[in-house]
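The values are calculated or read from the model by the stated rules, or taken from the named source; none is laboratory data. Here the structure is a predicted model, which is why all the values come from computation and not from measurement. Every residue, glycine among them, receives a Cβ derived from its backbone with ideal geometry; neighbour counts consider all protein chains shown. For accessibility, only protein heavy atoms count, side chains too; no ligands or nucleic acids. Shrake-Rupley method; radii C 1.70, N 1.55, O 1.52, S 1.80 Å.
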Amino acid sequence: MTTGESTRNWTRRTLAAQALGRIDVRTRAVVPPVHVATTYVRDPDGQYRSGNVYGRPDNETVREAESLIAALEGSAAAMVLGSGMSAATAVFLALSPGDHVVAPKVMYWALRNWITSEAIDWGLKADLVDTSDLGAVRASMRPGETKLVWLETPANPLWSISDIAAVAEIAHAAGAVLAVDSTCATPMLTRPLEHGADIVMHAATKYLNGHSDVVAGALATARTDALWERIARNRSMLGQILGPFEAFLLIRGMRTLPLRVQAASASAMELAQRLIGHGAVAEVLYPGLPGHPGHALAKRQMSGGFGGMLSIRVHGGEAAAVAAAARVELWKRATSLGGVESLIEHRASIEGAGSPCPKDLLRLSVGIEDPADLFTDLDQALRAASA
Ligand SMILES: Cc1ncc(COP(=O)(O)O)c(C=O)c1O
């Protein structure tokens, strides 16, 4: 059991740093213990007054991670699951066969592939649209049939921005809920529920954990309604709960989330500005740049920065992009994003056929290293590749 939560309105940075200020009741430890039990003792009359019955639905360490995510997102409740994909698919699978969903053309590729294959086989109908175009979103609605609109903003790998408030209005008018994959914005830069979204999803594997050592997913909800209860029931029945050690690591990672996101966003902006003028770079895709098509909206919808993700398109096409990625020394050539170490990836190689990702694109996940070192390394790799 933990205690110590203050009732005052501390900022998110303060809440994160202290993981809500919870302390262990018995030992007074400032870091609560990791609860590993898979089962809990009944009271003599057979009741479970502790609220804990069995490890598949119940774990206190998991609940602590959820409380912190709920505080950061300003949600009524939160849920952590075994991966970002398990969190995202849990929302779709809480619908019913025959329901229609709308999702972006530009989004995390594995979820897009799942929606257009497995989700259809399971019985959902799906349309992929340009969600940065409100007319296209409006035209895709089937009132009474559309039950879910999915957004990702900023969206992989072009960092397209969608208008959460406007899409929420369109979705709600058609009787649908709006869920937002906010993995790359993080609650430090955008809180989708404040803009009218119903559910927020995170690949907690990325920024929330931040150290490339936990695979986890999170959902946060505006209301604990029937849809939420169904998602929770499915998590319990299908065994999708996050493990207690992973939940502990996630809490530890989130303590520094505000500082990490601030540093990554500032460095990404600096790199984006320096890369615009680079001779080997054809285009820089970053919502913080005035030339990005989503910049004005991002300025309204995001606060405190534009995130740590950017992409560059390299002169010389796919071969030059792959050659540049091959020559980095400091950047790590790896998939994933949102960790303290900077990653570079030739994204088209992983996304495959049907992806809107240009073949000359390199995706950059900016970590918390010195941005001058990051630029020096990228610069030498780009120069060597184009020589
Ligand atoms: C934006 C986004 N959403 C969802 C996911 C899926 O998360 P996970 O790999 O934890 O299943 C990822 C993973 O790369 C992602 O980048």
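How many residues are surrounded by fewer than 21 Cβ atoms within 10 Å (Cβ to Cβ) and either of a type in the set (Ser, Thr, Tyr) or at pLDDT below 95 (or both) when one looks only at the range 186-197? Don't jump to the end; show me each part of the working.
Pass one, the range 186-197, residues surrounded by fewer than 21 Cβ atoms within 10 Å (Cβ to Cβ): 194-196.
Narrowing the set further to residues that are either of a type in the set (Ser, Thr, Tyr) or at pLDDT below 95 (or both) leaves none.
Counting residues in the range 186-197 that are surrounded by fewer than 21 Cβ atoms within 10 Å (Cβ to Cβ) and either of a type in the set (Ser, Thr, Tyr) or at pLDDT below 95 (or both) gives 0.
For the range 9-28, filtering for residues that are assigned to a loop (DSSP other than H, G, I, E, B), of a type outside the set (Lys, Arg) and either touching a strand residue (DSSP E or B) at 6+ places or on another chain (Cβ under 9 Å) or open to solvent by less than 70 Å² (accessible area, probe 1.4 Å) (or both) leaves 1. Cβ-Cβ distances below 9 Å connect the following pairs, each with a first residue in the range 17-33 that is of a type in the set (Lys, Arg), a second residue that is in a strand (DSSP E or B) and surrounded by fewer than 17 Cβ atoms within 10 Å (Cβ to Cβ), and a separation of six or more residues or different chains: 22/3. Within the range 198-244, the set of residues being open to solvent by less than 20 Å² (accessible area, probe 1.4 Å), in a loop (DSSP other than H, G, I, E, B) and more than 15 Å from the ligand (Cβ to nearest atom) comprises just one member, 198.
In the range 345-359, of all residues being hydrophobic (A, V, I, L, M, F, W, C) and away from the ligand (no atom under 15 Å from the Cβ), the one that is farthest from residue 372 (Cα to Cα) corresponds to 353.
Selection of the range 180-197 for residues being touching a helix residue (DSSP H, G or I) at 6+ places or on another chain (Cβ under 7 Å) and part of a helix (DSSP H, G or I) yields 186, 187, 188, 189, 192, 193, 195.
Can you confirm whether residue 166 is open to solvent by 10 Å² or more (accessible area, probe 1.4 Å) and touching an Asp or Glu at 6+ places or on another chain (Cβ under 8 Å)? The answer is no for residue 166.
Within the range 140-157, identify whether any single residue is aromatic (Phe, Trp, Tyr) and at negative phi, and answer yes or no. Talk me through it step by step, then tell me what you get.
Applying the first criterion (aromatic (Phe, Trp, Tyr)) to the range 140-157 yields 150.
Then drop every residue that is not at negative phi, which leaves 150.
The answer is yes, given that some residue of the range 140-157 is aromatic (Phe, Trp, Tyr) and at negative phi.
What about residue 114, is it touching a residue at least 60 places away in the same chain (Cβ under 8 Å) and surrounded by fewer than 21 Cβ atoms within 10 Å (Cβ to Cβ)?
Details: touching a residue at least 60 places away in the same chain (Cβ under 8 Å): no; surrounded by fewer than 21 Cβ atoms within 10 Å (Cβ to Cβ): yes.
No: the conditions fail for residue 114.
The C-beta contact set for the range 151-178 (first residue closer than 17 Å to residue 139 by Cα and within 12 Å of the ligand (Cβ to nearest atom), second residue in a strand (DSSP E or B) and open to solvent by less than 10 Å² (accessible area, probe 1.4 Å), distance under 6 angstrom, 6+ apart or interchain) comprises 151/180.
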